[in-house]
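This report concerns only the one structure given below.
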Amino acid sequence: MKRLIFLGAPGAGKGTQATVVAQDRQIAHISTGDILRAAVAAKTELGQQADTYMSRGDLVPDELVLGLVKQRLQEADAQAGWILDGFPRNAAQAEALDSLLADIGQSPDHAINLDVPDEILVARLLDRGQAQGRKDDTEEVIRHRLRVYREQTAPLIDFYELVGKLVSVNGDAPVEAVTHHLISLIS
Ligand code: AMP
């Protein structure tokens, strides 16, 4: 299996796990959050537009994100496979992804939901905010991001369940245990 979507709330461990799993499987790790943060840091036009939304904890408009993903999927390393981390984030993005992939003759093998209880998410994000200085990891913005997740992103769990692609994994376990579980599922 080489084309995977990582679902899960902010703080569920998508980025950590996607980094290790992508390395292990020799496939591309595509994190829209990382790409957007790099654009903000580089003060590109896109970065400047995205910054306002990101610092509030809102989703960046779909049209900004879709272009990035489309471009990234065409790069050489993504031909071996990919993990999408943090995309799609709402129903419109999931539909756009389907048609984008259909255009290049691909489809996701699985959508993997990393399941973690809410109170653990908040604690993890607060820790990360202190460790990494991410400005969207303050308590108020964290609570907003979790709300946005519940309202806009969590419905994708049902979407991928309906098309028979959903796999749920307990993300409330030691990092190495979750990695092991994921790699054994995918291999
Ligand atoms: P993440 O690192 O995935 O938690 O993303 C951090 C922030 O980047 C989010 O709170 C959004 O503001 C923005 N972002 C990342 N991915 C997307 C996406 N697929 N659609 C819209 N906004 C996104």
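May I ask you to list pairs of residues, at least six apart or on different chains, whose Cβ atoms are under 7 Å apart, with the first in the range 1-13 being touching a residue at least 12 places away in the same chain (Cβ under 8 Å) and the second being of a type in the set (Lys, Arg) and open to solvent by 20 Å² or more (accessible area, probe 1.4 Å)?
What qualifies is 2/25; 6/14; 8/14; 10/145; 11/124.
Please specify each residue of the range 91-109 satisfying the condition of being outside any helix (DSSP H, G or I) and open to solvent by 50 Å² or more (accessible area, probe 1.4 Å).
Those that are outside any helix (DSSP H, G or I) and open to solvent by 50 Å² or more (accessible area, probe 1.4 Å): 104, 105, 107, 109.
Within the range 133-143, which residues are open to solvent by 50 Å² or more (accessible area, probe 1.4 Å) and of a type outside the set (Asp, Glu)?
Selection gives 133, 135, 138, 143.
Take the range 43-90 and flag every residue that is touching a strand residue (DSSP E or B) at 6+ places or on another chain (Cβ under 9 Å), open to solvent by 30 Å² or more (accessible area, probe 1.4 Å) and part of a loop (DSSP other than H, G, I, E, B).
Within the range 43-90, 75 is the sole residue that qualifies.
Quick check on this structure: which one of 162, 146, 166, 185 is open to solvent by less than 30 Å² (accessible area, probe 1.4 Å) and either of a type outside the set (D, E, K, R) or more than 17 Å from residue 89 (Cα to Cα) (or both)? Break it down stepwise before answering.
Numbers: 162 fails: open to solvent by less than 30 Å² (accessible area, probe 1.4 Å); 166 fails: open to solvent by less than 30 Å² (accessible area, probe 1.4 Å); 185 fails: open to solvent by less than 30 Å² (accessible area, probe 1.4 Å).
Of 162, 146, 166, 185, the one residue that is open to solvent by less than 30 Å² (accessible area, probe 1.4 Å) and either of a type outside the set (D, E, K, R) or more than 17 Å from residue 89 (Cα to Cα) (or both) is 146.
Looking only at the range 149-158, which residues are part of a helix (DSSP H, G or I) and either open to solvent by less than 60 Å² (accessible area, probe 1.4 Å) or away from the ligand (no atom under 15 Å from the Cβ) (or both)?
Within the range 149-158, 149, 153, 156, 157, 158 qualify.
Would you be able to say whether some residue in the range 120-132 is in contact with a Leu (Cβ under 8 Å, 6 or more places away or on another chain) and open to solvent by 20 Å² or more (accessible area, probe 1.4 Å)?
No, the range 120-132 has no match at all.
So the check is Cβ under 8 Å with 6+ separation or different chains; which pairs have a first residue in the range 56-69 that's within 23 Å of residue 144 (Cβ to Cβ) and touching a residue at least 40 places away in the same chain (Cβ under 8 Å) and a second one that's open to solvent by 10 Å² or more (accessible area, probe 1.4 Å) and aromatic (Phe, Trp, Tyr)?
That search, which allows pairs on different chains as well, returns 59/53.
The values are calculated or read from the model by the stated rules, or taken from the named source; none is laboratory data. All figures in this text were calculated on a predicted structure; none of them were measured in a lab. Note that we place each Cβ from the backbone using ideal geometry, even for glycine, and neighbour counts take in every protein chain shown. Accessible surface areas use protein heavy atoms only, side chains included; no ligands, DNA or RNA. Shrake-Rupley method; radii C 1.70, N 1.55, O 1.52, S 1.80 Å.
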